[in-house]
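Colleague: Here it is, the structure in full.
The values are calculated or read from the model by the stated rules, or taken from the named source; none is laboratory data. Since this is a predicted model, take the numbers as computed values, not measurements. Note that we place each Cβ from the backbone using ideal geometry, even for glycine, and neighbour counts take in every protein chain shown. Remember, those area values only see protein heavy atoms, side chains included, never the ligands or the DNA or RNA. Shrake-Rupley method; radii C 1.70, N 1.55, O 1.52, S 1.80 Å.
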Amino acid sequence: MLIHALGPLRITADGAQIHVGGRRTKIVLAVLTLEANWVVNIDRLVDAVWGNSPPASARTQIRICVSGMRRVFAAAGEPDLIETHPSGYCLRLSRSDLDATVFEDQVDRARSLAGTGRLAEAVLELRGALSLWTGPALAGLAGPAVESGARRLEEARLRAIEERIRLELELGRHRDLIGELAELAAAHPYREHLHAQLMLALYRSHRTAESLAVYRSIRSTLVEELGIEPGPELSELEQAILLGLQTVEVC
């Protein structure tokens, strides 16, 4: 059985999707999944589902949601995944039971490969990790608890993408990366590292004017919308490009 959090929340067993319940149950499962192997207080689950306006029956409804999930897990051959504790519930998962931890382990393997100079293998491992994503993390579920966890997962995804691009730049694949980087920079207008990587890919492709235009664009965005200047990575990269240095890098 596998719980999928890297996209819409779902459960699969032997390749078949298992219906886990409605929106309320999915929110409870999402919070338990985000805190897998830790006890989640029942009041936190109530808050995740109803916020500041829970019904008088909120705790009972949470118990009903958990009972329903237990039936789903039991039917999939995993009757003991949810533990009951005096203060709440704990979802016991091995690392292979959750796509988010499978993703983390693959990213760690990629970093180990890169650390020993096996860059091409590390890129393949990162591509495999990123292929686990089927959309925005926990897509379709709302509420501060779920959205906060989803943001953490999305940040890990972006870091993995940046790591893969860094390795591919080291492998000399700058021309192949320009289109992808342009889309990523447009989607994340304040993420300076992605813009630096785009600048570097353009510069190495002998498109210096376009590379400098990327700097001017993000500087304008940062100054006008956030009131800040670009950080040292971008400013130092711009200066290196203006000086026409042969060796220009980003971290």
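Colleague: Over the chain, with every protein chain in place, what whole percent of the accessible area is carbon and sulfur at 1.4 Å, could you tell me? Show your work: numbers first, answer last.
Modeller: Values: 6490 of 12610 Å².
Looking at the chain in its full context, I get 51 percent from C and S.
Colleague: What ranking, highest mean first, results for peptides 112-125, 219-232, 29-42 when packing means the other Cβ atoms within 10 Å averaged over each residue?
Modeller: Peptide ranking by packing, descending: 29-42, 112-125, 219-232.
Colleague: Roughly what would the spin-label model give for His188 and Glu170, points 7 Å off Cα along C-beta, in nm?
Modeller: 1.8
Colleague: Give me the accessible area per residue for the chain, probe 1.4 Å, as a whole number in Å². Don't skip to the answer; put the middle values down first.
Modeller: Details: 12610 Å² over 251 residues.
I get 50 Å² per residue for this part.
Colleague: Relative to the longest principal axis of the C-alpha atoms of the chain, give the angle of the C-alpha long axis of helix 232-242, reported between 0 and 90° and rounded to the nearest 10°.
Modeller: Roughly 30 degrees, rounded to the nearest 10.
Colleague: Divide by every residue of the chain the summed helix terms, -39500 (n - 2.57) for each DSSP H run of at least 4, and state the resulting mean residue ellipticity at 222 nm, rounded to the nearest 500 deg cm²/dmol.
Modeller: -19000 deg cm²/dmol
Colleague: Which residues' amide hydrogens lie under 5 Å from the amide hydrogen of Arg10, considering only partners 5 or more residues apart or on another chain, with H built in the peptide plane?
Modeller: Sorted by chain and number, the residues that satisfy this are His4.
Colleague: Can you give the convex hull volume per residue for the Cα atoms of the stretch 21-151, as a whole number of Å³?
Modeller: 120
Colleague: Which value, to two decimals, describes the C-alpha radius of gyration of the chain once divided by 2.2 N^0.38 Å?
Modeller: 1.24
Colleague: Between Arg159 and Ser67, what length in nm is gained on full extension when 0.36 nm per residue of separation is reduced by their alpha carbon distance? Mind showing how you got there, number by number?
Modeller: Numbers: separation 92, 0.36 × 92 = 33.12 nm, distance 3.69 nm.
Contour length minus the Cα-Cα distance gives 29.4 nm.
Colleague: Along each principal axis of its Cα atoms, how long is the stretch 96-196 end to end? Whole angstroms, biggest number first, please.
Modeller: Here the Cα extents, ordered largest to smallest, are 43, 33, 18 Å.
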